[in-house]
Structure formats: C-alpha cells, structure tokens
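Written out below as structure tokens is the structure these notes cover.
The values are calculated or read from the model by the stated rules, or taken from the named source; none is laboratory data. Small disclaimer: the values here were computed from a predicted structure and weren't measured. Neighbour counts run over all protein chains shown; Cβ positions are idealised from the backbone, glycine included.
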Amino acid sequence: MSITMRGGEQPFLDLPESGAERGRHRTVRRRTANYRAIFAIREFRTLWSAQVVSYLGDQIAQVAIAVLVYAKTGSPWLTALAYALTYLPPILGGPLLAGLADTFPRRQVMITLDLARGGLVELMALPSMPLAGTCALLCVTVLLGPPFSAARSAMLPQILPRERLALGSAVGNMTFQASQAAGFLVGGILVATLGAYRSLALDALSFCLSAALITGWVRPRPYSGETPARPLHSLAQDVSLIFQRPAARTLVLFGWLAGFAIVPEGLAAPYARTLGGGPVTIGLLMCAMPAGTVAGSLIIGRLSRPDERFRMIGVLAMLSCGPLVASLLRPPLPLLLFLLMVAGVGGAYQLAAARAFVAALPNGQRDRAFGVAQSGLLAAQGLGILMAGAAARWISPPAVVATAGALGVVAAAVLATEWARHRSLLAGLAGERRRPTAAASAPPPGQGAGA
C-alpha cells in the first residue's frame with residue numbers, strides 16, 4: 001500500500017528549482033509545455049495512471065481499516081496499532097527488499113507485486129477473516145511496497161529523457177499528495193455507502209488494474225541482475241554521516257516532527273466518535289491535512305524563492321503543529337477541519353527541508369542518507385501513532401491531539417533556533433556548488449585579464 005513518504009520513494013529529492021527564470025508568466029508557460037512533453041510519453045502516462053489508481057485505492061483502504069478495527073474493538077489503542085502497521089513494516093522492508101528492483105526485471109517485479117498485494121487485500125476483504133489475520137495481511141501488504149516503488153523509480157530514468165526526469169519525479173510526488181487528500185475523502189464516502197469490506201475489495205481491484213496497465217503498456221527494460229548489497233551493514237555509517245553534520249542533523253529532525261503532526265490522522269476514528277460522526281467524518285479528518293499540504297506546497301512554491309523557503313522552515317514547522325493545540329477546546333467539525341488544513345499548509349515546510357537536507361550532504365552520499373531519513377520518518381510517524389493510541393486509553397482523543405501539537409511546537413521551536421545558526425552556512429555552500437565553472441575559469445591570483 002502506498003503511504004506518505006513510504007515504500008521507498010524519495011519525494012522532493014530531485015524537484016526542479018523554481019524561480020530561476022525571469023517572469024512568472026513565462027515560467028508558468030514553460031512548465032505547462034514541460035508537463036505536456038512528459039505526458040506525451042505513453043509509458044510515463046501508464047505508470048502515472050497506475051500510480052493514481054493504486055494511491056486512490058490505498059487511501060480508501062486506510063479509511064476502511066480504521067473504521068473496521070474501531071467498529072470491532074472500540075479501542076483507540078488497537079485502532080492506532082492497526083494504522084501504525086501501514087508505517088512500520090517499510091522500515092525493515094525498504095532496506096531488505098528494495099534491491100529486488102536490480103536483481104529481477106523491474107516490469108516483472110511491479111506486476112508480480114501488484115498481483116500479490118491485490119490477492120492479500122482481497123483476503124482482508126473477507127468478512128470471515130479474524131482481526132488478527134487482517135492485521136497480519138496488512139503488514140505483509142505494506143512490506144511489499146518498497147520493492148515496487150524502487151522498481152518504479154529505477155524505471156523512470158529509462159523512460160524519461162534526462163532533462164525531464166526531475167519533473168517526472170515531481171509530478172509523481174504531487175500526484176501522491178493530491179491522491180492522498182482525494183482518496184481519504186472518497187474513502188469516507190465509500191465506506192459509509194458500501195461498508196469497510198467492499199471498500200477493501202476496491203483496493204484489491206486497484207492493484208489488479210495497476211498490474212494490467214503495466215502489463216499492457218510498459219515494455220520490459222534491461223536490469224543489472226546484481227545481487228543486492230548488504231544494506232543493514234552500512235546503516236551505522238549512513239546514520240553517522242547525517243548526525244556528524246549539524247545542518248543535516250537539524251533538517252532530518254525537522255522531518256521527523258511529522259511524528260507529532262500525524263496524530264490526528266492516526267486517531268481519526270476515535271476522534272470522529274467524539275464528534276458524533278461516522279466514516280465520512282473519519283475521511284474528512286484524514287484528508288484535511290494532506291489537502292492543506294497540497295495547497296501550501298503550491299502557494300509557497302510559486303510565491304517564494306528557494307532562499308526564502310529555507311528561512312521559513314522553522315516558522316512553518318511550528319505552524320504544522322500549532323493549530324492542533326486548539327483541539328483541546330473541542331471545536332466543531334468545520335472549525336476543526338480548517339485548523340487541520342492550516343496545519344497542513346505548515347507541513348509544506350517538508351519540501352524545503354528535504355531540499356536543504358540534500359544540499360547539506362556530499363553528492364555521492366545523498367541517496368543513502370535520504371533513505372535513512374525516510375526510515376526515521378516512518379519510525380517517527382508509526383511510534384507517534386502508537387503512543388497517541390496508548391494515551392487515548394486514558395484521556396480523550398482531542399486532548400491527545402492537543403498534547404501532540406504542543407510538544408511538536410516546542411520541538412520545532414528548538415530546531416528553529418538551531419536552524420538559524422546553520423542556514424547561512426548552508427546557503428553559502430550551495431552557492432559555491434553552483435559556481436564551479438566560474439571558479440575554474442577565473443584567472444589565477446595576480447594575473448590580469450590581458451596577461
């Protein structure tokens with residue numbers, strides 16, 4: 001199942017720079033032409049369509065799982081545990097299974113994994129399946145996500161021209177964010193209309209449709225056939241690489257603040273109960289923050305320069321958690337959704353933080369470090385959901401969300417202070433990296449232009 005910054009994707013790692021061209025109208029026209037160019041490639045359209053279908057199905061399934069577990073148990077803790085299973089397995093599955101994309105044909109890997117996941121979700125859709133079996137099947141399904149995403153990411157450079165690759169990756173990331181928001185909303189409506197089990201069957205169908213699209217319109221490509229390296233062997237080195245660099249350490253901790261912001265999504269089912277709502281309310285609570293993040297990413301990306309986005313990281317990080325504190329006042333659903341959307345807008349800081357994180361690392365070590373950062377992000381989100389579910393056994397879900405928001409604001413404020421010390425140094429380093437040619441062509445000291 002595809003989940004936010006899960007399954008081996010590297011969101012925002014290679015987003016194209018904005019603001020480098022003169023004139024916003026010219027930039028918009030050029031971007032439109034670039035989008036048309038990549039969608040003119042049939043295989044990219046196919047992968048993108050399969051991605052949309054799979055993402056929508058996954059968000060519907062997440063709503064169904066939350067409704068199903070909470071309806072059967074009435075326990076916020078068990079509901080949070082089931083939801084956390086969509087975050088925690090890729091921490092192990094990513095390093096261990098992502099190498100399948102190089103060991104076997106990538107198209108074959110994607111088709112096989114889609115069909116396998118479709119079969120597993122279909123078993124989850126059986127009303128006779130016990131809850132423990134549903135959770136076990138969910139864990140295995142999510143575990144198969146990283147090799148699929150790795151195969152898809154590895155195939156993109158073989159489908160898109162080099163100059164279109166960054167834009168293609170950015171389109172995939174934007175598609176996920178939009179599909180996540182829409183899928184949660186549609187999922188709430190479908191679960192209320194069809195029930196949880198039939199909604200899970202729709203997710204199984206989405207995997208089969210994705211496999212059919214890839215089978216019919218994506219042709220086989222060469223692959224390396226190499227035996228995967230031992231990924232866990234270098235884990236300590238990769239962690240050391242990050243935490244020995246103060247700027248990279250601060251930025252990766254900014255990313256892990258998502259462990260606080262994820263709490264409203266993880267407690268959506270019990271929170272909806274306190275509001276007197278059902279599946280539609282759950283879907284609304286789940287989609288509000290992703291919708292705000294989509295809006296924030298578009299607004300901030302269009303109205304600010306990269307250096308301005310670097311400066312806003314600390315403030316936006318605090319904004320991503322601050323509105324959650326107001327849930328302690330038990331606001332009505334419309335106001336609560338507005339507050340969650342505002343928090344989602346603040347969550348757009350992750351885009352700038354990820355770009356700054358990449359800039360803070362040596363070029364040859366960025367992929368590995370980004371993988372460590374993603375694994376830590378998944379762990380933070382999964383543990384955040386688990387701790388929130390445990391706390392909801394003793395205090396109300398609105399109070400848990402408010403507590404998570406307050407802790408997140410404090411942590412973000414501490415990191416913002418640290419980031420203020422490192423920001424100018426990182427900006428200078430990025431400037432030096434952009435001027436290697438000029439430095440190389442400059443005359444040596446003491447030698448004039450006409451010497």
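Of a type outside the set (Gly, Ala, Ser), modelled with pLDDT of 95 or more, within 29 Å of TRP77 (Cβ to Cβ) and buried (at least 17 other Cβ atoms within 10 Å of the Cβ) - does that describe any residue in the range 347-367?
No: the range 347-367 contains no residue that is of a type outside the set (Gly, Ala, Ser), modelled with pLDDT of 95 or more, within 29 Å of TRP77 (Cβ to Cβ) and buried (at least 17 other Cβ atoms within 10 Å of the Cβ).
For VAL280, work out the one condition from (1) under 20 Å from the mean Cα position of the chain (by Cα); (2) in contact (Cβ under 8 Å) with a residue 12 or more places away in the chain it doesn't fulfil.
VAL280 satisfies all of (1) under 20 Å from the mean Cα position of the chain (by Cα); (2) in contact (Cβ under 8 Å) with a residue 12 or more places away in the chain except (1).
Go through LEU68, LEU88 for me and flag whichever is outside the structural domain of PHE370 (by TED's automatic domain parsing), within 22 Å of the chain's Cα centre (by Cα) and either under 27 Å from ALA196 (Cα atoms) or surrounded by fewer than 16 Cβ atoms within 10 Å (Cβ to Cβ) (or both).
Only one candidate passes the filter, namely LEU88.
For the range 373-405, give me the residue count where each residue is surrounded by fewer than 24 Cβ atoms within 10 Å (Cβ to Cβ) and in contact with a Lys or Arg (Cβ under 8 Å, 6 or more places away or on another chain).
1
It is to be established whether one or more residues within the range 375-384 are out of contact with any strand residue (DSSP E or B) (no Cβ under 6 Å at 6 or more places or on another chain), at pLDDT below 85 and more than 28 Å from ARG273 (Cβ to Cβ).
yes
Please enumerate the residues belonging to the range 333-362 that are under 17 Å from MET174 (Cβ atoms) and in contact with a Lys or Arg (Cβ under 7 Å, 6 or more places away or on another chain).
ALA352, the sole residue that qualifies.
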